[in-house]
Amino acid sequence: MPVTLTGAVVLVLLQAAVVVCDFPATLTLERAFPANRRIELNELRVRDSLRHRRILQQQSSPVGVDFPVEGTYDPYRVGLYYTKVQLGSPPKDYYVQIDTGSDVLWVSCNSCNGCPTSSGLQIPIEFYDPSSSSTSSLISCSDQRCSQASRSSDSGCSRSSNQCSYTFQYGDGSGTSGYYVSDLMHLNTIGIDTGSSNSSANVVFGCSTSQSGDLTKTDRAVDGIFGFGQNGLSIISQLSSQGIAPDAFSHCLVGSGIGGGILVIGQIMEPNMVYTPLVQSQPHYNVNLQSISINGQTLSIDPSTFAISDNQGGTIIDSGTTLAYLDEDAYKPFVDAITQSVSQSVQPLISKGNRCYLITSSVSNVFPIVSLNFEGGASMHLRPQDYLLQQNTVNGAEVWCIGFQTISNQGITILGDLVLKDKIIVYDLGGQRIGWSDYDCSSSVNVSSTSSGGKSEVVNAGQIDGSTSLQITRYELILALILASLLHMVVAAGGFSL
């Protein structure tokens, strides 16, 4: 609230004044105004405002960047979350899947082989044409950014055209190839004093000329994929290195209704956040899952089941995955424990190879809470809706199935949108940690950015609709500083003690 934050600023400055007055040293102070002349408040205000303007000029960098979110985790409806980016001059809109499991932003380009031309998501399909953008340029083989690209893809160079090219292969067997370009990305930035405003930055992204596998299907077709990985060529890294945005991003994905949510470059702040460290030197967002508990009882699963072995496997947080996946050695104990806990209340059955349950009452009243326990004491508590999927109905009874799946012979655990929805998820790359908290993602959130100098700024962002409501404005901060200065002068001149 504005009043609370103003009071906090005054309190901090008054405490600083106390420290100065009590410091055991002799200082010579001179009045800025003669002692025999009465100073009007307006004169003091003008003098202080000039000083505060200099101070605030150093605090005007954006707190973050807003992106709209559409889509849902529900595999029977959409099965993905996507956002809209604006690229080129003049700017054009491109709808891209939000994917924390890859690094690079790419969009379909003109003359693309296998790229869908329509979408079942009822969104327009747009093809990027470098020649139609006045700010577009190709990335040559000798460009340093081409060397960065080689760390996140199979990159190469065409000697005839001197173009830096790429090939991506995804876990579902789909793939894309193309070449890198540089162009303007138009951003909806949010700041401490400006609210929501437009800016732009030169970024490198992929221009897809070929697609295969599920990427060619029209039912869930989008214009490309927005990789939020840690590689130097990710948009997060590019904007952070240019000083345009902080080295952190957050999302809050709505699990009910038509879905949607919030996606910001910056840290969403919430008092109940818990954090676990990222596993170092990994290409994905790996975390150390240590155990699984059901109704407070820890399952008998060897902790090494969730760990990285020979630089493979481990536990990955991935917004580009619809469901969730457990290593084989953890999957059976997990399913058996859930089935045992509801054996007196539901009728278990097998549907299309999946463990399902026939339910005549609310799943929340029948099924247990599942806790995923991570390094550092952080636990992610899953409601039944976070590990079950409703499939159909039989004679008035609902059929709910285990949404967790297993991947054979991979030794990997993946936490996808089924688990991540209805939670604030913060990827703090500077602090090398991931945090989360249960949250109503249809509500607004507080976004904070702490610079390397330790300055922290907070604004309020809601469902992204082109407007942003701020918690504090520059003018309120100026007023707070003026009040604090006046109180300090009163204390110094009148000999009061605090």
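Here are the numbers:
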quantity	calculated
Those residues of the range 398-425 which are over 19 Å from ILE369 (Cβ atoms) and either open to solvent by 10 Å² or more (accessible area, probe 1.4 Å) or outside any strand (DSSP E or B) (or both), in sequence order	GLU398, GLN405, THR406, ILE407, SER408, ASN409, GLN410, GLY411, ILE412, ILE414, GLY416, ASP417
Residue among ASP386, ASP428 that alone is open to solvent by less than 10 Å² (accessible area, probe 1.4 Å) and at pLDDT 95 or above	ASP386
Check on GLY259, part of a loop (DSSP other than H, G, I, E, B), touching a Gly at 6+ places or on another chain (Cβ under 7 Å) and open to solvent by less than 30 Å² (accessible area, probe 1.4 Å)	yes
The range 138-173, subset under 21 Å from VAL96 (Cα atoms) and small (Gly, Ala, Ser), residue surrounded by the fewest Cβ atoms within 10 Å (Cβ to Cβ)	GLY173
Condition check for CYS252: over 19 Å from the mean Cα position of the chain (by Cα) and either of a type in the set (A, V, I, L, M) or open to solvent by less than 40 Å² (accessible area, probe 1.4 Å) (or both)	no
Pick from the range 103-122, criterion hydrophobic (A, V, I, L, M, F, W, C) and out of contact with any Lys or Arg (no Cβ under 8 Å at 6 or more places or on another chain), ranking: surrounded by the fewest Cβ atoms within 10 Å (Cβ to Cβ)	CYS112
Check on ILE292, over 20 Å from GLN410 (Cβ atoms), open to solvent by less than 20 Å² (accessible area, probe 1.4 Å), in contact (Cβ under 8 Å) with a residue 24 or more places away in the chain and β-branched (Val, Ile, Thr)	no
Odd one out for GLN391 among (1) open to solvent by 40 Å² or more (accessible area, probe 1.4 Å); (2) over 30 Å from GLN280 (Cβ atoms); (3) touching a Pro at 6+ places or on another chain (Cβ under 9 Å)	(3)
Selection status of ILE225, closer than 30 Å to THR209 by Cβ, part of a strand (DSSP E or B) and open to solvent by less than 20 Å² (accessible area, probe 1.4 Å)	yes
The range 330-354 residues that are touching a residue at least 24 places away in the same chain (Cβ under 8 Å), paired with ones that are assigned to a helix (DSSP H, G or I) (beta carbon under 8 Å, 6 or more apart)	ALA330/THR305; ALA330/PHE306; VAL342/VAL366
Among residues of the range 282-301, those that are in a loop (DSSP other than H, G, I, E, B) and either farther than 18 Å from ILE236 by Cβ or not hydroxyl-bearing (Ser, Thr, Tyr) (or both), counted	9
Given (1) open to solvent by 20 Å² or more (accessible area, probe 1.4 Å); (2) at pLDDT 90 or above, number of the condition SER196 does not satisfy	(2)
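The values are calculated or read from the model by the stated rules, or taken from the named source; none is laboratory data. Keep in mind that what you see is a predicted model, and the values were worked out from it rather than measured. Note that we place each Cβ from the backbone using ideal geometry, even for glycine, and neighbour counts take in every protein chain shown. For accessibility, only protein heavy atoms count, side chains too; no ligands or nucleic acids. Shrake-Rupley method; radii C 1.70, N 1.55, O 1.52, S 1.80 Å.
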